[in-house]
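Report on one structure; see the data block that follows.
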Amino acid sequence: MVELDLAGRGLDDARVLAAMAEVPREAFVPAALHEQAYADQPLPIGAGQTISQPYIVALMCQALQLGGGERVLEIGTGSGYGAAVLARLAAQVHSVERIAELAADAQQKLAALGVGNVQVHVGDGTLGWPDAAPYDAIVVTAGGPLVPAALKDELAPQGRLVMPVGEQRGWQQLLRLRRRADGGFDSETLADVAFVPLKGAQGWPTS
Ligand code: SAH
């Protein structure tokens, strides 16, 4: 998977490729789908949600430009797979999930793998996670209509925020924002993507 789907498609951050090789994706996929765990596709994880495609997880991690010492915020814990990869790339990961059942499941899986530097929280991630702010990097793994103001506020100077943004549910552009020293943001588009909706106060309606 790492050679064909990741390095073969232009991902070249050695730390990201190593983390992707080390984290067992099958541990985060329902037992019935274990045979497909290393195919480069999203898979259902319950509660209508998905574990992201490996290529996209790696692309987002690379875009965060992590050196190892960072404090990272992830919005959308889902299966916990992305958090497990981030845990190998940064010092501390806070991950927020709105569906309590998924958060509990992810927490259990991370603990079973001995991942000690991820804290999973239940809440509306469009409001950020102020308790541990500021963050050197923020990644949102669900697609919203705009970048929530709270997340911009919680980004440290020079911090990177990667998020799928689109005016239609279902299709987004993957954006990277970088906070400048003067407080402003530089923005660039990295790819066209399709994520499940980010639901919440600064996302799509919850019902
Ligand atoms: N990173 C995950 C992918 C999860 S899919 C993985 O590796 O498996 C996106 C997740 O975002 C879903 O679990 C969904 O419930 C969650 N989500 C959607 N809106 C949210 C919000 N406002 N706050 C927190 N989590 C949210």
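The values are calculated or read from the model by the stated rules, or taken from the named source; none is laboratory data. Note that this is a predicted model, so its numbers are computed, not measured. Because the Cβ atoms are built from the backbone with ideal geometry, glycine has one as well, and the counts that use them run over all protein chains shown.
Things worth noting here:
- Checked against (1) more than 30 Å from residue 124 (Cβ to Cβ); (2) assigned to a helix (DSSP H, G or I), residue 38 passes all but a single condition, namely (2).
- Selected residue (criterion: farthest from the chain's Cα centre (by Cα)) from residues of region 1-35 that are farther than 15 Å from residue 51 by Cβ and of a type in the set (Gly, Ala, Ser): 8
- Candidates in region 2-35 are the residues that are part of a loop (DSSP other than H, G, I, E, B) and hydrophobic (A, V, I, L, M, F, W, C); of these, the one that is surrounded by the most Cβ atoms within 10 Å (Cβ to Cβ) is 23.
- Residue count for region 41-53, restricted to those that are part of a loop (DSSP other than H, G, I, E, B) and either more than 13 Å from the ligand (Cβ to nearest atom) or farther than 13 Å from residue 82 by Cβ (or both): 3.
- Count of region 147-161 residues which are away from the ligand (no atom under 14 Å from the Cβ), within 16 Å of the chain's Cα centre (by Cα) and of a type in the set (A, V, I, L, M, F, W, C): 2
- Within region 100-118, tally of residues that are in contact with a Ser or Thr (Cβ under 9 Å, 6 or more places away or on another chain) and under 23 Å from residue 144 (Cα atoms): 3
- Single residue of 6, 66 found to be at pLDDT 95 or above and more than 9 Å from the ligand (Cβ to nearest atom): 66
- Out of 121, 94, sole residue that is touching a Ser or Thr at 6+ places or on another chain (Cβ under 8 Å), at pLDDT 95 or above and more than 8 Å from the ligand (Cβ to nearest atom): 121
- When the strands (runs of 3 or more DSSP E) confined to region 88-207 are screened for residues that are surrounded by fewer than 21 Cβ atoms within 10 Å (Cβ to Cβ), those reaching at least 3 such residues are found at 118-122, 155-168, 171-179, 185-193.
- With respect to the conditions (1) touching a residue at least 60 places away in the same chain (Cβ under 8 Å); (2) of a type in the set (A, V, I, L, M); (3) within 11 Å of the ligand (Cβ to nearest atom), residue 59 lacks only one, and its number is (3).
- Within the set 14, 87, the sole residue that is more than 10 Å from the ligand (Cβ to nearest atom) and without any contact (Cβ under 8 Å) to a residue 24 or more places away in the chain turns out to be 14.
This table checks each residue for (1) away from the ligand (no atom under 15 Å from the Cβ); (2) modelled with pLDDT under 95.
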| position | (1), (2) |
| --- | --- |
| 110 | no, no |
| 145 | no, no |
| 163 | no, no |
| 181 | yes, yes |
| 185 | yes, no |
